[in-house]
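The values are calculated or read from the model by the stated rules, or taken from the named source; none is laboratory data. None of the values given here were measured: they were computed from a predicted structure. No Cβ is skipped: glycine too gets one built from the backbone with ideal geometry, and neighbour counts run over all protein chains shown.
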Amino acid sequence: MSMNTQGRITAPTKINYNVSKSFSGNKALEQATKLIFETGNFNKTGIDFPAAKGLEYRLGGLEQKKDIELPGLSEPEILRHYVRLSQKNYAIDLGVYPLGSCTMKHNPRLNEKIARLPGFADVHPLQPISTVQGALELMYELSNWLTKLCNMPAVALTPKAGAHGELCGMMTIRARLDADGNSHKRRVFVPESAHGTNPATAVQCGFFVDELPANDKGCIDMKVLRSKVNELGENNDIAGIMLTNPNTCGLFESEIIEISELIHSAGGYFYCDGANFNALVGRVRPGDLGVDAMHINLHKTFSTPHGGGGPGSGPTVLSEALKDFAPVPYVIKDKLGYYSLVEEIDEMSMGRLCAFHGQMGMYSRALSYLMSHGRDGLKQATEDAVLNANYILASLSDLMSPAYSGHCMHEVLFNDTFLKNTGIDTIDFAKAMIDEGYHPMTMYFPLVVHGAMLIEPTESESKYELDRFIHTMRGLAKKAKNGDVESFKSAPQYAPTKRLDETLAARKPILRYDA
Amino acid sequence: MRYLPLDNKDRSQMLGAIGVKDIEDLFECIPKQARSSELFDLPCHKPESEVEKYMIRLSDKSINASSVPFFCGAGAYKHHVPSSVDHLIQRSEFLTAYTPYQPEISQGTLQVLFEFQSQVAILTGMEVANASMYDGSTACAEAVVMAKRVTKKHKAIIAPGLHPHYSLATKTLASSVDIDVCVLDSEISSDYEVIDLINDETACIVVQSPNVFGEIVDLTPIAEKAHQHKALLIAVFTEPVALGLIKPPGEQGADIVVGEGQGIGVGLNFGGPHVGLFACNKKLVRQMPGRICGETIDADGNRAFVLTLSTREQHIRRDKATSNICTNSGLCCLAFSIHMSLLGGKGLRKLAILNHEKANLLAARIDKINGAKVLNSSFFNEFAVELDKCAEDVVDSLASKNILGGVPFSRLNKAGAKDILLICATEIVDQHDIDTLCSALEEELR
């Protein structure tokens, strides 16, 4: 049996089905979709161009004379191809998408319209500053909202995703440490329950990771942290801590203020992974917790669409201690209300994270979300997200096994104890949810819990949808306990594909079309 | 609030089911001193109409590229994007899906990624490509870090023609993992000087073609010298349309090719989101950053696609991952791929020729203006012009006449030449635009 390092089965069991195939390869609304390389034509194009003038090339002799073997398709063929493909995807607009830690909330369509306004979408990043005042004002306004919600003095807008924001925060911390002559401080504490991006980021910034265990309540074990800090003593090498709050078990780190004081007293800085900020917006300000840097996933908390994997945006708020080390560029406003961009790196700044000014298309959507909600709506959204998660917890805790006792924040974590001796694993349970018309929850993460199932409903679900979801989950849990192993192992049956052979994909990688 | 489905009746029923009296009880776990008692100094919720009105007012404060003669390039390019592209990327199933971690219900996104990777590999002349990076500049920075992993050497040489933002982003990332980055001063035709600097300690050489001045660089001699010293050649491009007419970097000996894909399918967006392209040869694939989609079969033996080789990635390998990247440019890959599928190789060639011809016409006109001199011996759709005046002043003055006349080189590098203007002409430029720019330039330089 093929398994990955988390003990998850990665190749399906062969099962013989008696399903008759259609002549067309279609299954009613679900249409067979070949690759564009198999249906397109190298001599065709779906775009009309005026004739070339036949001018002499000035390409320095580096002209490509061979044909480019990319298929072209006409517009109707293109529409069919992509509409057919789209119908093989699950989506928030289709149903509950309870991926814990990913925050799949509703994406308001007003925001799509706003992002396409020509003064945001059709401006070049290097136009003269006088011609982009509206775009800069939008960035300035967004900064204002973010810094106020966080009670932090500054924000670096440019990071292009959450992990890029982590880089921003940790590099800023490194720049501050180096400026203070503390280049020996390279130890970063990261809890076991952290997102994989945290340890990866720390290493990418030249730090090394010191892992912290969780206690039996799912939070950081303070005893361990305290003794580690004490042992390292006065001339310690502690650069800081990277901590998600609420953590990936869906719990608020209740000793957060002690943690931040302890790290500060050791001369380190507190990086907060803001992936779960949606549980706190309008109620808790990271600046009040002693946070020095925190990225905000605009594509989670403030609803910019996930787009099948991106683009995201990870503005990073910075404390007084770090703000002078922020990357360029950033927007400033003078007394007359004129906006400018600071694009030059001074001796303090940690540098530049990317070309141009970050993700304008996400800034406009996020500001539209923020203004639509206002301070009252943001607080209500936070409360509804927490309420929905706790409602699921309360409604499933008798049949499934909550990983920790007590209430949760915006997401609820179960372990696989309730599946014990059934022969059914977390992955089987997840795949059975697909047949029920649901996207599975996050599974096998966080790593501190066996067979983890992390459910985040968000505030976007109505009580009707939640009740339907709960009814389904209860049904599946009972079915599992009744020992209907076969139907779980063979799931999904109704999805566009059966379970995939991931081991084969990795062992013999086919990563592109080859004629 | 229009985005929140629960009403107060729902809320009180649900609180009852949970067994608490008040929503505050669910926030009990947060220590008192961490709870904010202050009222936020921010406005309350607004109807859709008000938000839209505010945003339109803001949008109107900028001059948008389509409304005036437009000649800016330098890393972001204005091309016509067919209407079907934006229509398709707004389909809920693409727009509101997550990363395709559950392949059975994500075959749409996965097949798009497989097709995208194939298109990028063919376009760059490389064997494999990943499922995108944030943008060209971060792809470039990651390539340098990857070169260190592959060669186990610590020195990177950046050719003078690399876009200064790319160069800074690379230096910022690479220096934190102890890569010694040598950046040469920007000059138009000095890219070949890197050849003399390559030695056995060199991990990689980063060369952009067409470079930031628009000059086309022959990568072959640089690749040869690099390979003699077991160094990797990282080829960079900022304008994907150029690959419709110029020999792909893969055929010129590049080991890693990175670039900006924005020019195909993705608008200017004031600099983001864009889409980073990343390609390399097969033997390096296990050192590549980012997500990769691969072909496999399902339990019925049917072809299907899945994210693969994930033991390189942060969610599996944590502190030993090749990169920390998680979210990438998914939806922009889709836009790129749709536009590229409409173009096909044949359409891409036509589009590239149109761009080159427009730039050719413009360069010939500008060269005749007193006080302006085109510096390039070769170019694709943008070139550098030396002016008798400060380029920034000229551009500002053109802007006041509603002409977006290019990018002063000093905007990218304050220490760089003040009199160089980077001008780009894509297929959207027409004769009237060229006439308007040239007469205005003549006036400025008189």
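Return the total of residues in the range A:61-82 being outside any loop (DSSP other than H, G, I, E, B) and surrounded by 22 or more Cβ atoms within 10 Å (Cβ to Cβ).
Residues in the range A:61-82 being outside any loop (DSSP other than H, G, I, E, B) and surrounded by 22 or more Cβ atoms within 10 Å (Cβ to Cβ): 4 in total.
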Problem - Members of the range B:79-96 that are closer than 26 Å to B:SER137 by Cα, facing chain A (nearest Cβ under 8 Å) and in contact with a Ser or Thr (Cβ under 6 Å, 6 or more places away or on another chain) - result: B:PHE94
Exercise for the section: Within the range A:318-353, count every residue that is on the phi > 0 side of the Ramachandran plot and out of contact with any Leu (no Cβ under 7 Å at 6 or more places or on another chain). Expected result: 1
Fill in the blank from the handout: Here, strands (runs of 3 or more DSSP E) confined to the range A:145-227 with at least 1 residues that are closer than 24 Å to A:LYS323 by Cβ and in contact with a strand residue (DSSP E or B) (Cβ under 8 Å, 6 or more places away or on another chain) are A:154-156, A:187-191
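Being small (Gly, Ala, Ser), more than 9 Å from chain A (Cβ to nearest Cβ) and not in a strand (DSSP E or B) is the filter here; which residues of the range B:199-225 pass it?
B:GLY214, B:ALA223
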Exercise for the section: Restricting attention to the range B:167-181, report how many residues are surrounded by 21 or more Cβ atoms within 10 Å (Cβ to Cβ), of a type outside the set (Gly, Ala, Ser) and within 15 Å of A:THR201 (Cα to Cα). Expected result: 2
Fill in the blank from the handout: With the first residue restricted to the range B:306-324 and required to be in the same structural domain as B:LYS283 (by TED's automatic domain parsing), and the second required to be of a type in the set (A, V, I, L, M, F, W, C) and part of a loop (DSSP other than H, G, I, E, B), Cβ contacts under 7 Å at 6 or more apart or on different chains are B:ARG312/B:MET288; B:ARG312/B:ALA321; B:GLU313/B:ALA321; B:GLN314/B:ALA321; B:GLN314/B:CYS326; B:THR322/B:MET288
Problem - Considering residues of the range A:412-425 that are away from every other protein chain (no Cβ under 13 Å) and within 24 Å of the chain's Cα centre (by Cα) only, the residue farthest from B:LEU26 (Cα to Cα) - result: A:ASN415
Practice task
Just give me the residues in the range A:223-252 being closer than 15 Å to A:ASP210 by Cα and among the β-branched types (Val, Ile, Thr), in sequence order.
Solution key: A:VAL224, A:VAL229, A:ILE238, A:ILE241
Exercise for the section: Select from the range A:387-405 the residues that are more than 21 Å from A:ALA214 (Cβ to Cβ) and out of contact with any strand residue (DSSP E or B) (no Cβ under 8 Å at 6 or more places or on another chain) and write down the one among them that is farthest from the other protein chains (Cβ to nearest Cβ). Expected result: A:LEU399
Exercise for the section: Name every residue in the range B:395-427 that is free of Cβ contacts under 8 Å to residues at least 12 places away in the same chain and not small (Gly, Ala, Ser), in order of residue number. Expected result: B:ASP396, B:LYS414
Exercise for the section: Look through B:GLN33, B:GLN107, B:GLN90 and report the one residue that is buried (at least 22 other Cβ atoms within 10 Å of the Cβ) and not assigned by TED's automatic domain parsing to the domain that holds B:PHE409. Expected result: B:GLN107
Practice task
Test B:LYS283 against the stated conditions and say whether it is surrounded by fewer than 24 Cβ atoms within 10 Å (Cβ to Cβ), out of contact with any Ser or Thr (no Cβ under 7 Å at 6 or more places or on another chain) and either at pLDDT 95 or above or not polar (S, T, N, Q) (or both).
Solution key: yes
Practice task
Using the structure shown, decide if A:ARG174 is touching a Leu at 6+ places or on another chain (Cβ under 9 Å) and either within 17 Å of A:LEU353 (Cα to Cα) or assigned by TED's automatic domain parsing to the domain that holds A:ILE345 (or both).
Solution key: no
Fill in the blank from the handout: Checked pairs for the range A:282-306, first at pLDDT 95 or above, second among the basic types (Lys, Arg) and buried (at least 24 other Cβ atoms within 10 Å of the Cβ), C-beta under 6 Å and 6 or more apart or across chains, list as A:SER303/A:LYS105; A:THR304/A:ARG365
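For (1) facing chain B (nearest Cβ under 7 Å); (2) aliphatic (A, V, I, L, M), each residue gets a yes or a no:
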site: A:LYS53; (1), (2): yes, no
site: A:LEU73; (1), (2): yes, yes
site: A:ILE78; (1), (2): yes, yes
site: A:HIS81; (1), (2): no, no
site: A:TYR90; (1), (2): yes, no
site: A:VAL96; (1), (2): no, yes
site: A:MET104; (1), (2): yes, yes
site: A:PHE120; (1), (2): yes, no
site: A:VAL155; (1), (2): no, yes
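It is to be established whether one or more residues within the range A:452-464 are at pLDDT 95 or above and assigned to a helix (DSSP H, G or I).
Scanning the range A:452-464, I find at least one residue that is at pLDDT 95 or above and assigned to a helix (DSSP H, G or I), so the answer is yes.
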Problem - Matching residues in the range A:247-266 - criterion: being in contact (Cβ under 8 Å) with a residue 60 or more places away in the chain and over 22 Å from A:HIS407 (Cα atoms) - result: A:ILE263
Exercise for the section: Report yes if some residue within the range B:47-58 is facing chain A (nearest Cβ under 7 Å) and in a loop (DSSP other than H, G, I, E, B); otherwise report no. Expected result: no
Exercise for the section: Take the range A:134-165 and flag every residue that is of a type outside the set (S, T, N, Q) and under 22 Å from B:LEU331 (Cβ atoms). Expected result: A:ALA135, A:LEU138, A:MET139, A:LEU142, A:LEU157, A:PRO159, A:LYS160, A:ALA161, A:GLY162, A:ALA163, A:HIS164, A:GLY165
Practice task
Looking only at the range B:226-240, count how many residues are outside any loop (DSSP other than H, G, I, E, B) and either polar (S, T, N, Q) or more than 30 Å from B:CYS424 (Cβ to Cβ) (or both).
Solution key: 2
Practice task
Would you mind stating whether A:ILE129 is under 19 Å from A:GLY437 (Cβ atoms) and either in contact (Cβ under 8 Å) with a residue 40 or more places away in the chain or among the aliphatic types (A, V, I, L, M) (or both)?
Solution key: no
Handout entry: Hey, B:ALA425 at pLDDT 95 or above and touching a Gly at 6+ places or on another chain (Cβ under 8 Å) or not
Key = no
Practice task
Tell me, please, whether a residue that is touching a Leu at 6+ places or on another chain (Cβ under 9 Å), β-branched (Val, Ile, Thr) and not assigned by TED's automatic domain parsing to the domain that holds B:LEU243 can be found in the range B:346-355.
Solution key: yes
Exercise for the section: Determine whether the range A:140-155 contains at least one residue that is surrounded by fewer than 24 Cβ atoms within 10 Å (Cβ to Cβ), touching a Phe, Trp or Tyr at 6+ places or on another chain (Cβ under 6 Å), within 28 Å of B:ASP41 (Cβ to Cβ) and polar (S, T, N, Q). Expected result: no
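A quick yes/no check of all residues on (1) more than 10 Å from every other protein chain (Cβ to nearest Cβ); (2) not in a helix (DSSP H, G or I):
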residue: B:ALA254; (1), (2): yes, yes
residue: B:VAL258; (1), (2): yes, yes
residue: B:ILE264; (1), (2): yes, yes
residue: B:HIS274; (1), (2): no, yes
residue: B:PHE278; (1), (2): yes, yes
residue: B:ARG286; (1), (2): no, no
residue: B:GLY294; (1), (2): no, yes
Practice task
Read through the list (1) surrounded by 24 or more Cβ atoms within 10 Å (Cβ to Cβ); (2) without any contact (Cβ under 8 Å) to a residue 60 or more places away in the chain; (3) more than 10 Å from chain B (Cβ to nearest Cβ), then give the number of the only condition that A:PRO315 fails.
Solution key: (2)
